[in-house]
1. When you check Gly115 against the structure, is it assigned to a loop (DSSP other than H, G, I, E, B) and crowded, with 22+ Cβ neighbours inside 10 Å, yes or no?
2. Within region 51-67, count every residue that is surrounded by 13 or more Cβ atoms within 10 Å (Cβ to Cβ) and either assigned to a loop (DSSP other than H, G, I, E, B) or of a type in the set (A, V, I, L, M) (or both).
3. From the list Gly26, Gly15, Gly56, which one is free of Cβ contacts under 8 Å to residues at least 24 places away in the same chain and on the phi > 0 side of the Ramachandran plot?
Amino acid sequence: QVQLVESGGALVQAGNSLRLSCAASGSPYIDIYTMAWYRQASGKQRQLVASITGGGTANYVDSVKGRFTISRDNAIDTMYQQMNNLEPENKAVYYCNLTAGAVAAYSPFGSWGEGPQVTVSS
């Protein structure tokens, strides 16, 4: 089973920045899987935020384009999400996971851990 350890959550003021990290382990194929960040706000369903293929092609939901940057370092099987100019609507628990292909066509198969809480004050 793939193990995923997220870190980097914090309480920040609106307009500030955070960088989330996701360290993956337990599979020799992590570098060819698509990795993705999800978030779940209180009382809401988990939703996709951004994804990145093994080759580095990134996709974002419209609400974070220009502010969030997803990246990965395949040498250490780690994915990052730089979040700039945070807004209160970005408050959520953030999770990372992996898919065998495009997130629109494949379901995440890693275990959902205790993702970091991002809280943004107004």
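Rule-based calculations on the coordinates, nothing more; no lab input. Values in this document were obtained by computation on a predicted structure and should not be read as measured data. Reconstructed Cβ throughout: ideal geometry from the backbone, glycine too, with neighbour counts over all protein chains shown.
1. For Gly115, the condition - assigned to a loop (DSSP other than H, G, I, E, B) and crowded, with 22+ Cβ neighbours inside 10 Å - is met.
2. Within region 51-67, residues that are surrounded by 13 or more Cβ atoms within 10 Å (Cβ to Cβ) and either assigned to a loop (DSSP other than H, G, I, E, B) or of a type in the set (A, V, I, L, M) (or both) number 7.
3. After applying the criteria, what remains is Gly56.
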